[in-house]
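A quick write-up on the structure given underneath.
Readers should treat all values here as calculations from the given coordinates under stated rules, not as data from a laboratory. Owing to the predicted nature of the structure, the values given are computational and were not obtained by experimental measurement. As a convention, Cβ positions derive from the backbone with ideal geometry for all residues, glycine included, and neighbour counts pool all protein chains shown.
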Amino acid sequence: MMTIRRLGYLAVVIGFAQVVFGAIVRITGSGMGCGEHWPDCYGSFTPAQGGPNLLVEISHRYGAAALSLAIVALAGVAWLKRNEPGVGGAGGVLRPSLLAILLVIVAALFGAVTVKMELSAWVVVTHLAIAMSLLAVLVIVVVRAGGFGAGTVPARYARTMRSGRAAAGLTFLILVFGALTANTPGAAVACQGFPWCRGIIVGGAPLYIQVTHRILAVLLLGHLIGIVIGVRKRAETRAIRIAAWTALGVVILQVLVAAAMVEMHLPPTLRSLHQAVGTALWISVVTLAALAAGTHGMTGIERIVHESPSRGEFATPEGVAT
């Protein structure tokens, strides 16, 4: 299981970098850096042509290849270990690992469609949604393999699980509307000022898209505050509390980055940072929901130790129950 966990971590890190780099491709206008050629770049995977746009775009494609290899390795190891506890069957790591292969293929195909349709807004948004779904599946693999502290979660926390899933759904909507704001003409500059609009540059659909994005972000902030309060009152395990506080901290950071980005009139650096923090928020929220669903990666020995009476409320200092 340790090998699967490490490969899962590797895939999550590469996936995170790939999503962030995809935003850099869009922000720098490098999406057509290889023209209409895909998967090669002007007939070669190592084109002789230069230019920053080409380098940015082909580096993004190299990243996609690295992510694909990591996921294939992850699924391959899971398949070889499918008869081990916690790998095969419902609740194991094999099924989401295989789903990750399917999603990375679909993401690659949509990448090609994005290029062929010359960066159509809805295709770009769909491409991002698929990429985020892939990241979520990889996080679930890591959690089921005992990562992110899952080995210390003794059972399912039903209320936190439901709240975490609601937070994940809300975060996904925020990401989609954020992508629409970035790719719909006029939407990014429609509302000037933060947190409310001190000036409206563009009305209609672009304005509605950006305002909806902001409202959803505020709702998520309030929801995560409620989750943090809830897990503390219920004295849930440390891994759950850390995940909840991490998600709350990241969403607060995201609001601050968004405020600076709007007030400074959308500088490219802050736009890229906004995408990076948003992706980190997605990972943290999915991790919270997955952890609250209960551990599937805890080995038999780990479960015996965790449930030992010596960990109980009335254990003696020496760790022996009386």
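Miscellaneous remarks
- With contacts taken as Cα pairs under 8 Å at a separation of at least 6 residues, the chain carries a relative contact order of 22 percent.
- Separation in nanometres of the label points that stand 7 Å from Cα toward Cβ, at LEU173 and MET2: 4.4
- Added length on full extension, which subtracts the Cα-Cα distance from 0.36 nm per residue, ILE201 to HIS265: 21.8 nm
- Distance in nm between pseudo-label sites at TYR42 and SER120 (7 Å out along the Cβ direction from Cα): 2.8
- Pairwise FRET efficiency - ASN53 versus LYS233, Cβ, R0 = 41 Å, nearest 0.05: 0.20
- Theoretical ellipticity at 222 nm over the chain - DSSP helices of four or more residues, -39500 (n - 2.57) apiece, nearest 500: -23500 deg cm²/dmol
- Of the complete DSSP H runs in the chain, those spanning 18 angstrom or more by Cα along the long axis with a mean Kyte-Doolittle score not below 1.6 are 94-116, 121-144, 238-263.
- Segments 282-291, 12-21 sorted - mean Cβ within 10 Å per residue, highest first: 282-291, 12-21
- Order by protection proxy (mean Cβ within 10 Å, highest first), peptides 104-112, 240-248: 240-248, 104-112
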